[in-house]
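The values are calculated or read from the model by the stated rules, or taken from the named source; none is laboratory data. Because the structure is predicted, anything quoted here is derived from the model rather than measured. Heads up, the Cβs are rebuilt from the backbone with ideal geometry, glycines too, and the neighbour counts pull from every protein chain shown.
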Amino acid sequence: MMNFRYEDYPFELFSVSHVAAIIVSFGCMIGLYLIRNHLSGRSKSVLKWNLVVLLVLSEALFQIWYFINDYWDVAINLPLQLCSISLYLCMIMLITKNYRIYEISFFASMTGAVIAIVTPELFFGFPHFRYFQFFIAHLAIVLSCLYMTWIECYTLTFRSMLRAFIALNLIAVIVFILNKLVGANYMFLSHKPYNASPIDYLGEYPWYLLSLEGVALILFSLLYLPFYFLRNRKSIDEL
């Protein structure tokens, strides 16, 4: 279950094992929401550090797996995919509780990681190590942002959305340059994913990159709406 033989553990989009992973992931998100008001200081700390451990282990084991199989490559294993960047941001966010990191992490994670769970760029299916590592890592990313929102009560503003959008574009410029230097496809800035994904409907290269900008703005706006409505509702209730 630790080898690199794709054919031994093929991944099939929306197969039983994939749908099961989606159900478990969204079940965990719902579960976190339901217990949000029942966590004490100690239980909050335990949950936070468990998330940190999951993030660290999922990334460390991923890198070790590539290394021991002699497949580690600078064009594949640098943490420059959107979800890899989100994972590191979430680690920093949980440990430091930095609000600016939270702003970027939330918008990046709740788009990239959630989409990755539903339409993963994954070649190994159940019960391969990579299947579990992939879904655990992406779920931990999402739960980390929801933890900061629901448990630590962090909130977002319209400016948060703009700052996150600008920050991700600056990151994308750096990643694009690194892609050219090492021949990589981090953040899918060089070509589309090999597996089926929503990007397939956004046009050919390089035009789909412009489409992604529009999609990102739409998704960021949808993510911001609950915060907007809650803030307005709170203002009305205080009148």
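Here LEU87 meets each of (1) closer than 24 Å to GLY125 by Cβ; (2) out of contact with any Asp or Glu (no Cβ under 7 Å at 6 or more places or on another chain) with one exception, condition (2). Scanning segment 86-121 for residues that are surrounded by fewer than 20 Cβ atoms within 10 Å (Cβ to Cβ), part of a loop (DSSP other than H, G, I, E, B) and modelled with pLDDT under 95 returns THR119, GLU121.
The condition (being out of contact with any strand residue (DSSP E or B) (no Cβ under 7 Å at 6 or more places or on another chain), assigned to a helix (DSSP H, G or I) and surrounded by 13 or more Cβ atoms within 10 Å (Cβ to Cβ)) is satisfied by just one residue among LEU13, LEU80, LEU39, LEU54: LEU54.
If you check PHE176 against the conditions, is it surrounded by 12 or more Cβ atoms within 10 Å (Cβ to Cβ), closer than 20 Å to ILE115 by Cα and of a type in the set (Phe, Trp, Tyr)? For PHE176, the condition - surrounded by 12 or more Cβ atoms within 10 Å (Cβ to Cβ), closer than 20 Å to ILE115 by Cα and of a type in the set (Phe, Trp, Tyr) - is not met. Within segment 57-67, the residues that satisfy the criterion of being out of contact with any Phe, Trp or Tyr (no Cβ under 8 Å at 6 or more places or on another chain) and either part of a loop (DSSP other than H, G, I, E, B) or without any contact (Cβ under 8 Å) to a residue 60 or more places away in the chain (or both) are LEU57, ALA60, ILE64, PHE67.
For the criterion of being within 16 Å of ALA108 (Cα to Cα), in contact (Cβ under 8 Å) with a residue 12 or more places away in the chain and of a type outside the set (Ser, Thr, Tyr), LEU170 fails.
For beta carbons closer than 7 Å, sequence separation of 6+ or different chains, a first residue in segment 8-20 that is closer than 17 Å to GLU121 by Cβ and modelled with pLDDT under 95 and a second that is part of a helix (DSSP H, G or I) and not hydroxyl-bearing (Ser, Thr, Tyr), the qualifying pairs are GLU12/HIS18.
For segment 88-137, filtering for residues that are within 24 Å of PHE14 (Cα to Cα), more than 10 Å from the chain's Cα centre (by Cα) and not aromatic (Phe, Trp, Tyr) leaves 11. The single condition among (1) in a helix (DSSP H, G or I); (2) surrounded by fewer than 17 Cβ atoms within 10 Å (Cβ to Cβ); (3) in contact with a helix residue (DSSP H, G or I) (Cβ under 9 Å, 6 or more places away or on another chain) that TRP72 does not satisfy is (1).
For segment 124-146, the criterion of a residue being farther than 22 Å from PHE165 by Cα, buried (at least 20 other Cβ atoms within 10 Å of the Cβ) and without any contact (Cβ under 8 Å) to a residue 24 or more places away in the chain is satisfied by at least one position.
On the given criteria, is ALA184 buried (at least 19 other Cβ atoms within 10 Å of the Cβ) and among the small types (Gly, Ala, Ser)? Judged against the criteria, ALA184 is a match. Residues that are among the β-branched types (Val, Ile, Thr) and assigned to a helix (DSSP H, G or I) were ranked within segment 131-164; the one that is farthest from PRO79 (Cα to Cα) is ILE151.
A residue that is in contact (Cβ under 8 Å) with a residue 60 or more places away in the chain and in contact with a strand residue (DSSP E or B) (Cβ under 9 Å, 6 or more places away or on another chain) cannot be found anywhere in segment 98-109. So in segment 186-206, with the set limited to residues that are within 17 Å of the chain's Cα centre (by Cα) and either of a type in the set (S, T, N, Q) or in a helix (DSSP H, G or I) (or both), which one is modelled with the lowest pLDDT? The qualifying residue modelled with the lowest pLDDT is SER197. Tell me yes or no: at least one residue of segment 38-52 is aliphatic (A, V, I, L, M) and farther than 22 Å from ILE151 by Cα. No, segment 38-52 has no match at all.
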